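Colleague: Take a look at this one; I'll ask things after.
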Amino acid sequence: MPPEHATAAVKAAKARARAWMTPAEGAQKLGEFLGLGPNGLEPATTVELSEEQILGILEAVWRRGDAELEKALYAHANAVTNKYCGGGVYYRGLIEFSNVCQNDCGYCGIRNNQKDVWRYTMPEEEVVEVAKWALENGIRNIMLQGGELRTEQRLQYLERVTAAIRRETVAMDLAKRAESGAGAPPVLPGGEEELGVAVSLSVGELPIEDYERLFRAGARRYLIRIETSNPDLYHALHPAPMSWHHRVECLQNLKKVGFMLGTGIMVGLPGQTLRDLARDVLFFKEVKADMIGMGPFITQPGTPVTATWNELYPAVDKNAHMRSMFSLTCTMNALVRLTMGNPNISATTALQAIVPTGRELALERGANVVMPILTPTKYRESYQLYEGKPCITDTAVQCRRCLDMRLHSVGKTSAAGVWGDPASFLRSIEGLHVQGLGDSPALEAAASADFHDMGGTPLSPLPLHRLVYVPEDHEPPPKPHGRDKKAVGGAAHDSHDDPVPAGAASTAAHAGAGRAGAAPGALASRAPRLRGPSAASPLRPGAVSARAAARRAVACAAAATGPAPGAAAGAAPGLSSITANGVPRINVGVFGAMNAGKSTLVNALSQQEACIVDSTPGTTADVKPVLLELHDLGPAKLLDTAGLDEQGELGEKKRRKALNSLKECDVAVVVVPSDVLRAARSHPGSLSSALLWERRVLEQAAKYGVSPVLLLNVKGSAEPAEVEALLQEARQALDPSGKVPSMALDLVRTPLHERSTKCAEFVKVGARLSARYGKPLPGCLPRWCLGKGSMVLMVIPMDAETPGGRLLRPQAQVQEEAIRAWATVLSVRLDLDAARGRLGPEAREAERQRFAGVIRMLQDNQGPSLVVTDSQAVDVVAPWTSDPSSGAPLVPFTTFSIAMAYQQSGGNLGLFVEGLAALNGLREGDRVLISEACNHNRITEACNDIGMVQIPQKLEKMMGGQKLAIEHSFGREFPELETGKLGAFKLVIHCGGCMIDSQKMQQRMFDLGEAHVPVVNYGVFFSWAASPEALRRALEPWGVEPPPRLMAGGAGPAPTAQQPAGAGAR
């Protein structure tokens, strides 16, 4: 990026750091404003709001400038986005194929009567070539946008271009699959194969017959912006014969034809009120919009609406006004996400025209789509809808590369290689209904909103402005708004591929002034936390030379804008990277009664005899995992479970374990055998009790956020009509609302290949509806320490338990992730006996000098550096990475266990930090569980095993000789919440969880939360045990700061007698 963009990105990161609020905090604040009371709104919950409630939020957040409510709204919208859309951002490649338009919309820069516009229409073959380029570069959805021209010639042009794009890109895709052996393409829920490039159109109002012709040609998505839901305001902007009612009719016709419907509005139009915007939100819901794009109104010289705007705002600071419209647009994006849940919402290019990082900010506030401009550069300047349009001189390659960097800077990744159909097209979301309580703050704010707009009409508008000035740290350097006419070629922005000039160092250093590493610290502060301010991620101590500090300031700015070329993509939530280790594995659980066909289904999916199949009831005795790869979905884990209806004590144990496994699933396949339904027909009213446990699975799935699907196993011969009737009976009994995908199949007599294919496609439907689908896992390294020029040091002690011939999984994962991100990786084996003085002072000093030589390599490195150590070595690494004289940190450090806990918990590191508070409340006899997710051979006689020996010793020393009841759990075994065993513990100390998947780890965190049992991570515990400062430093790279009460003197135990002076000192 150019220097001004890099500087703006740093400022934006700082603003986000201050504005960030956790999902729980956001839900709490927003729920109270809506009158729901404490804990009345769960995080990531959509809500059904009235016009008055929406108006109240707009009034309070935007007009009154309620900063805390704004934080809550954005945090909640982001949580809803992550829940329904994941962390992946869909790309829609924009091809502006023609600026020839017959309409005369009063705001548009290519309207029919706009002067000095060179008109063009791209040749058909050129449009097709751009679409083929998009496919080759991972963009599988393009938008053909052009001026409105209702002629037969234009219609035939669109038919030919659409058909050619589909035909040629599908052929390319099939050839590529055949060459790579990729196999059959995925089949979408509607039955269409996801091949080639999907075509979206934005070509205006047409008769329904023309829409049908374009649909037959291959287009499946269509965008018509309503611009405003107020008919009077619409008529003030559009001359006759254009009609608001006709435009709405076109939207309805597009739905009838079968298109995925896109629409949108402009925010800040002359004559627009906050009530208009509140009605716009409800309008989107009413027309069942699947794709929504909202952008601020930006003036374009020579248009009638711009003239009206200039009269309305004769002496306004235009830059300040446009920034306020930017904020209002973001508020609208968040409200639409909050109320609708799962449509695609675009981070429009117009936002970037106001704020250089506008699209990135929008992606954190409800949006999940960006539209790289693929139009050949020779046409772009002639498609100027508004002044200051960005990227008009960038090539498609530059635009795509720029957007990738922008996504990375906010912890998002592109969901490349998919069409990205909006989930709302298949299933709309019903939100929590909010009663219109008369005394709620939302309705009180709404009551005063109309006062400010009183007397205004679309034909005699009033200025729309805030009551308070709200400064934004993402504000760009002061300059006239719009395009710089003196720029080369009239470009609004320079190419994003330009190298950073040498002078950028001082700019970046100034942006990070105050404390070394301020910029990446702002980025790091987005890490989840529960209390206390977030910490700034460190780069260098003050003792570093000024020249080195300037170089690192540049690295700091680069870290804030995104990783260096080749760096790993960013994760969501938080600030870590993701790598190949972070490919999300989809967990699919299979549930049902005995002999329902569960094991048969698992064997069909895995295409092997993975599970024993027998007619004897109760053959499956335990949860059996089966690993496989599902084409176009990725790695998956199947969980075959015991029959839920088995009686007796053994049956109860099996059932409890099966239902407990549901918590770690992303998809729950509920198998219902047809013979149960047939038997119920002879006993009217018995079906409900016969499907008792299947209904329980669906209820639990809803509780734990698992995506359910319903499979009818057709046993015996049956005519298609009977099969459909049986499936309908099952739906009526288990899913009367019809929201759960369902399928009927004979799992025995259907040929193996057909059975396997149909089952796999059915499971994929559920997977794509799951909350985890498309959402990348957090990585195990902070993003700021990755990239070319970065250096990572792994400190690895070894003992008798260390396996030969390989690294431990956390070590291997950290190493692989750093290497993939182009970081230089160093490793050092630390002799802890020598370091702790057990072999004498000479041996200790020699080991310290050897370690100091490695640390000097990190100090001399020009880019970011990080030390990752084994948790048991924190008492040595913390002081040995500090200046001996001043105690100031020389390089930042963290632990392998903390890194794994961050990744496996989905970024919720604050949970493990808060658990430390329970240590001060332990009393003699309290039960403490030390849990490890692996089953390695523990040789306690030959070495100090970290879980069996070291942690109990530290706890005993902390208790001053009082005895705790310490228990252990290993591997996948963990006390069950349902039996009450888990709630008996006062504290759980858990390892990093590297040998279980993130679903299993997060299931444990969920159970501990329900049982109100605090949990601490190994690395957090050992850092706390070393000293409060060691704890602060170990958490600092993740942007998490321990609560102040834990930083008070006496937090950790006293140094052991074997520790040298200074090791573990507070």
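Colleague: Among the candidates GLU729, GLU761, GLU694, single out the residue that is under 22 Å from ASN603 (Cβ atoms), surrounded by 14 or more Cβ atoms within 10 Å (Cβ to Cβ), in contact with a helix residue (DSSP H, G or I) (Cβ under 7 Å, 6 or more places away or on another chain) and not assigned by TED's automatic domain parsing to the domain that holds ARG427.
Modeller: Every option except GLU694 fails the conditions.
Colleague: May I pose another question? If a residue has to be small (Gly, Ala, Ser) and in contact with a strand residue (DSSP E or B) (Cβ under 6 Å, 6 or more places away or on another chain) to count, how many in the stretch 735-759 make the cut?
Modeller: Of the residues in the stretch 735-759, 2 are small (Gly, Ala, Ser) and in contact with a strand residue (DSSP E or B) (Cβ under 6 Å, 6 or more places away or on another chain).
Matching residues to (1) at pLDDT below 90; (2) not in a strand (DSSP E or B):
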{"residue": "GLY651", "(1), (2)": "yes, yes"}
{"residue": "ASN660", "(1), (2)": "yes, yes"}
{"residue": "LYS663", "(1), (2)": "yes, yes"}
{"residue": "ALA680", "(1), (2)": "yes, yes"}
{"residue": "LEU698", "(1), (2)": "no, yes"}
{"residue": "ALA744", "(1), (2)": "no, no"}
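Yes or no, residue by residue, for (1) at pLDDT below 95; (2) among the acidic types (Asp, Glu); (3) surrounded by fewer than 21 Cβ atoms within 10 Å (Cβ to Cβ):
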residue: ASP833; (1), (2), (3): yes, yes, yes
residue: ARG838; (1), (2), (3): yes, no, yes
residue: GLU842; (1), (2), (3): yes, yes, yes
residue: PRO884; (1), (2), (3): yes, no, yes
residue: MET900; (1), (2), (3): yes, no, no
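Colleague: For VAL61, only one of the following conditions fails: (1) part of a loop (DSSP other than H, G, I, E, B); (2) more than 27 Å from GLY906 (Cα to Cα). What is its number?
Modeller: VAL61 satisfies every listed condition except (1).
Colleague: Can you pull out every residue in the stretch 1042-1064 that is more than 21 Å from GLU956 (Cβ to Cβ) and either surrounded by fewer than 23 Cβ atoms within 10 Å (Cβ to Cβ) or at pLDDT below 70 (or both)?
Modeller: PRO1043, PRO1044, ARG1045, MET1047, ALA1048, GLY1049, PRO1060, ALA1061, GLY1062
Conditions tested, residue by residue: (1) closer than 30 Å to PHE215 by Cα; (2) surrounded by fewer than 18 Cβ atoms within 10 Å (Cβ to Cβ).
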{"residue": "ASP280", "(1), (2)": "yes, no"}
{"residue": "PHE283", "(1), (2)": "yes, no"}
{"residue": "THR303", "(1), (2)": "no, no"}
{"residue": "ASN310", "(1), (2)": "no, yes"}
{"residue": "TYR313", "(1), (2)": "no, yes"}
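Colleague: Could you count how many residues in the stretch 218-262 are more than 20 Å from ALA423 (Cβ to Cβ) and aromatic (Phe, Trp, Tyr)?
Modeller: Qualifying residue count for the region: 2.
Results for (1) in the same structural domain as ALA236 (by TED's automatic domain parsing); (2) closer than 22 Å to PHE259 by Cβ; (3) assigned to a helix (DSSP H, G or I); (4) at pLDDT 90 or above, shown as yes or no for each residue.
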| site | (1), (2), (3), (4) |
| --- | --- |
| GLU311 | yes, no, yes, no |
| ALA315 | yes, no, no, no |
| SER327 | yes, no, yes, yes |
| ILE345 | yes, yes, no, yes |
| ALA350 | yes, no, yes, no |
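Colleague: Let me ask something else. Return yes when ALA888 is modelled with pLDDT of 85 or more and not basic (Lys, Arg) and no when it is not.
Modeller: yes
Colleague: Just checking, does the stretch 98-117 include any residue being within 25 Å of ALA367 (Cβ to Cβ), at pLDDT 90 or above and crowded, with 24+ Cβ neighbours inside 10 Å?
Modeller: no
Colleague: Suppose the filter is crowded, with 22+ Cβ neighbours inside 10 Å, in the same structural domain as ALA725 (by TED's automatic domain parsing), β-branched (Val, Ile, Thr) and within 30 Å of the chain's Cα centre (by Cα); does VAL676 pass it?
Modeller: When the stated conditions are applied, VAL676 does not pass them.
Colleague: List, please: which pairs have Cβ atoms under 7 Å, are six or more places apart or on different chains, and start with a residue in the stretch 759-773 that is in a loop (DSSP other than H, G, I, E, B) and end with one that is among the polar types (S, T, N, Q)?
Modeller: SER770/SER707
Colleague: Something else: Which of the residues spanning the stretch 347-387 are touching a helix residue (DSSP H, G or I) at 6+ places or on another chain (Cβ under 9 Å), of a type in the set (Gly, Ala, Ser) and closer than 22 Å to VAL305 by Cβ?
Modeller: Result: ALA350, ALA353, GLY358.
Colleague: What are the pairs with Cβ atoms under 7 angstrom where one residue, in the stretch 969-995, is among the polar types (S, T, N, Q) and the other, located anywhere, is surrounded by 17 or more Cβ atoms within 10 Å (Cβ to Cβ)? Sequence gap at least six, or different chains.
Modeller: Hits for this filter: SER969/LEU929; SER969/SER931; SER969/PRO975.
Colleague: Which of the residues spanning the stretch 285-297 are surrounded by 24 or more Cβ atoms within 10 Å (Cβ to Cβ) and either touching a His at 6+ places or on another chain (Cβ under 9 Å) or aliphatic (A, V, I, L, M) (or both)?
Modeller: ALA289, MET291, ILE292, MET294
Colleague: Only one residue in ASP421, ASP394, ASP404 is within 19 Å of the chain's Cα centre (by Cα), in the same structural domain as ILE57 (by TED's automatic domain parsing), at pLDDT below 80 and not basic (Lys, Arg). Which one?
Modeller: Only one candidate qualifies: ASP404.
Colleague: Give me the pairs: first residue in the stretch 318-339 and under 14 Å from ARG63 (Cβ atoms) and in contact (Cβ under 8 Å) with a residue 24 or more places away in the chain, second residue surrounded by fewer than 24 Cβ atoms within 10 Å (Cβ to Cβ) and among the basic types (Lys, Arg), beta-carbon distance under 6 Å, and six or more apart or on different chains, which are they?
Modeller: SER324/ARG466
Colleague: Which one is farthest from VAL47 (Cα to Cα), of the residues in the stretch 424-442 that are at pLDDT 80 or above and crowded, with 19+ Cβ neighbours inside 10 Å?
Modeller: SER440
Colleague: Additional query: So is ILE939 surrounded by fewer than 17 Cβ atoms within 10 Å (Cβ to Cβ), among the β-branched types (Val, Ile, Thr), modelled with pLDDT under 85 and outside any helix (DSSP H, G or I) or not?
Modeller: yes
Colleague: Sticking with this structure for a sec: Considering the stretch 151-165 alone, what residues qualify as being in contact with a helix residue (DSSP H, G or I) (Cβ under 8 Å, 6 or more places away or on another chain) and charged (D, E, K, R)?
Modeller: Hits for the stretch 151-165 are GLU159, ARG160.
Colleague: Looking at GLY804 and the list (1) touching a Pro at 6+ places or on another chain (Cβ under 9 Å); (2) part of a loop (DSSP other than H, G, I, E, B), which single condition is not satisfied?
Modeller: Here GLY804 meets the rest and fails (1).
Residue-by-condition table, conditions (1) polar (S, T, N, Q); (2) assigned to a loop (DSSP other than H, G, I, E, B); (3) assigned by TED's automatic domain parsing to the domain that holds MET291:
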| position | (1), (2), (3) |
| --- | --- |
| CYS101 | no, yes, yes |
| CYS105 | no, yes, yes |
| GLY109 | no, yes, yes |
| ASN112 | yes, yes, yes |
| LYS115 | no, yes, yes |
| TRP118 | no, yes, yes |
| LEU135 | no, no, yes |
| GLY138 | no, yes, yes |
| MET143 | no, no, yes |
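Colleague: Name the one entry in PRO186, PRO231 that is modelled with pLDDT under 90 and over 20 Å from MET371 (Cβ atoms).
Modeller: PRO186
Colleague: How many residues are touching a residue at least 24 places away in the same chain (Cβ under 8 Å), hydrophobic (A, V, I, L, M, F, W, C) and not in a helix (DSSP H, G or I) if we restrict to the stretch 824-859?
Modeller: Number satisfying all stated conditions: 4.
The values are calculated or read from the model by the stated rules, or taken from the named source; none is laboratory data. Note that the structure is a prediction, hence the values are computed from the model and not measured. Every residue, glycine among them, receives a Cβ derived from its backbone with ideal geometry; neighbour counts consider all protein chains shown.
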